[in-house]
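Written out below as structure tokens is the structure these notes cover.
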Amino acid sequence: MKRIEAIIRPMKLDEVKIALGEIGVTGISVQDVRGAGRQGGQRERFRGADYLIDLPIKVKLEIVARDEDVDEIVETILRHARTGETGDGKIFILPMGEAIRIRTAESGEDVL
């Protein structure tokens, strides 16, 4: 099993969520996050004054998937989250040691 963490633009969340549902992804966690990478900050104007927002708002998706499903999930996220501009985000793929369903105490891939 693997854990896929994708940090994307908030405006792309619905599109990515729908696309993941279409390929059969049923479990997903979403968090609002702030962070900076190559995009750095962005300037915004409020009441005539310029402000530098150095930690732009992003959305973090977390998905636990079977090893054989990871490539399709990553390709789906790439296809639907990409705008082609700096700040589109990143995808991280991590090994997943164990998963346990609380209600039944099942473990392993049966939980997914």
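Bear in mind that the values in this text are calculations on the coordinates, not laboratory data. Note that the structure is predicted; figures quoted are calculated from it, not measured. When we count neighbours, we look across all protein chains shown, and the Cβ atoms used for this are built from the backbone with ideal geometry, even at glycine.
Convex hull volume of the Cα atoms of the chain, normalised per residue: 122 Å³. Model label points for Leu78 and Val33, set 7 angstrom from Cα along the Cα-to-Cβ axis, are 1.9 nm apart.
Would you give the gap between the C-alpha center of the range 60-99 and the C-alpha center of the range 21-38, rounded to a whole Å? Centre-to-centre (Cα) distance: 8 Å.
For the pair Glu85 and Glu109, a Förster radius of 41 Å applied to the C-beta separation gives a FRET efficiency near 0.65, rounded to the nearest 0.05. Rounded to the nearest 10 degrees, the angle from helix 70-81 to the longest Cα principal axis of the chain is 30 degrees. For the chain, the longest principal axis of the Cα atoms and the long axis of helix 13-22 meet at an angle of about 20 degrees. Extension gain for the segment Glu98 to Ala49, taken as residue separation times 0.36 nm less the Cα-Cα distance, is 12.6 nm to one decimal.
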